[in-house]
Amino acid sequence: MNELIETEKDYVKKLGHVRVNYVCKMETLQGLPGGLVGKKNIIFSNIEKLYEFNKAVFLPKLQKLKQTPMQLGQVFIDHEEQLIDYSWYFKNMPAQEKLMNEVGAEYFAPIQLKLSDPFPLTESLVLPFQRMTRYSLFLERMIKCSDPATSGYDELKMAYKISNFVLHHGNNMLAVDCLNGFSGSLVEQGLIQHQGDLTVIENRFTSSVRRIFLFENLVIVAKKTTKDGAESFNFKDSYRTNELSLRENIDGHPTSQSITLISHSISTG
């Protein structure tokens, strides 16, 4: 637990450095190239919000657990909503990386030199993703070293699921941005839980690969297309999640799962 607390202090300190020396000064920096004007939210996304949460809430909560580490899972559960804010940062990272490669890294280099920063800003911008990954690994290690009968064990397992969900949720939201032709409200469907390619079996002789978007309230089936190297997904059909049943294993395919509809069967292989 001491390891997690000390690395959390270091993480908060580094985010604070980025906030004070880069985020807060970006709009007033002289010689800002045209490619960076008005792009502060692309470069830094919601890093200030993450910093405030970890500094004012998460770190103090961790510091209170020195003698009661098995309560760590409950802290993650209590702050699941704030932790999901990390997903929005992860979603923005491809655009952030592209802009930094195009103009940001070169512009910020002399500023980093003046500040005597040991690492380039590009490495500092990866810190939130690295931190969430560390949370997940730490929770996994705690689970392996804990007795399932111990109070707080189930909460640790839930916290581990939360950390993994946050890590993947950003990529899932990026894929949803490439979904075309769905006329309903995606906001009303709840959080997206998973997305990926599945084999749709319509009958014994016909099958096709489709992209599945699994939301809390809806499953969307789409067809993947690629143009100039960019993927997009064209809406084909949707089903309420309460109309589905999940079969863990398919006969002859022990590592596969099947989502069964009233008159359809969508299986992963």
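The values are calculated or read from the model by the stated rules, or taken from the named source; none is laboratory data. Here the structure is a predicted model, which is why all the values come from computation and not from measurement. Every residue, glycine among them, receives a Cβ derived from its backbone with ideal geometry; neighbour counts consider all protein chains shown. For accessibility, only protein heavy atoms count, side chains too; no ligands or nucleic acids. Shrake-Rupley method; radii C 1.70, N 1.55, O 1.52, S 1.80 Å.
Structure notes:
- Just so you know, in region 1-46 the residues that are open to solvent by less than 40 Å² (accessible area, probe 1.4 Å), without any contact (Cβ under 8 Å) to a residue 60 or more places away in the chain and small (Gly, Ala, Ser) include one that is nearest to LEU83 (Cα to Cα), and it is SER45.
- Identity of the residue in region 205-215, in contact with a strand residue (DSSP E or B) (Cβ under 7 Å, 6 or more places away or on another chain) and of a type outside the set (A, V, I, L, M), that ends up surrounded by the fewest Cβ atoms within 10 Å (Cβ to Cβ): SER208
- Some residue of region 51-58 being assigned to a loop (DSSP other than H, G, I, E, B) and surrounded by fewer than 17 Cβ atoms within 10 Å (Cβ to Cβ): no
- Taken together, VAL23, VAL12, VAL57 contain a single residue that is among the β-branched types (Val, Ile, Thr) and farther than 28 Å from GLU140 by Cβ, which is VAL23.
- Among residues that are open to solvent by 40 Å² or more (accessible area, probe 1.4 Å) and either of a type in the set (Lys, Arg) or not in a helix (DSSP H, G or I) (or both), GLN67 is included.
- If you go through region 187-224 and keep only what is more than 22 Å from ASN164 (Cβ to Cβ), assigned to a loop (DSSP other than H, G, I, E, B) and not charged (D, E, K, R), you end up with just PHE205.
- Against the test of being at pLDDT below 95 and aromatic (Phe, Trp, Tyr), the options TYR86, TYR107, TYR135 yield a single qualifying residue, TYR107.
- Hits in region 216-229 (condition: free of Cβ contacts under 8 Å to residues at least 40 places away in the same chain, out of contact with any helix residue (DSSP H, G or I) (no Cβ under 8 Å at 6 or more places or on another chain) and open to solvent by less than 60 Å² (accessible area, probe 1.4 Å)): THR225
- SER232 vs. criteria modelled with pLDDT of 90 or more, of a type in the set (Ser, Thr, Tyr) and in contact with a strand residue (DSSP E or B) (Cβ under 7 Å, 6 or more places away or on another chain): yes
- Failed item in (1) under 26 Å from the mean Cα position of the chain (by Cα); (2) more than 20 Å from LEU115 (Cα to Cα), with LYS66 passing the rest: (1)
- If the condition is being open to solvent by 20 Å² or more (accessible area, probe 1.4 Å) and at negative phi, then region 177-191 contributes ASP177, CYS178, LEU179, ASN180, PHE182, SER183, GLY184, SER185, LEU186, VAL187, GLU188, LEU191.
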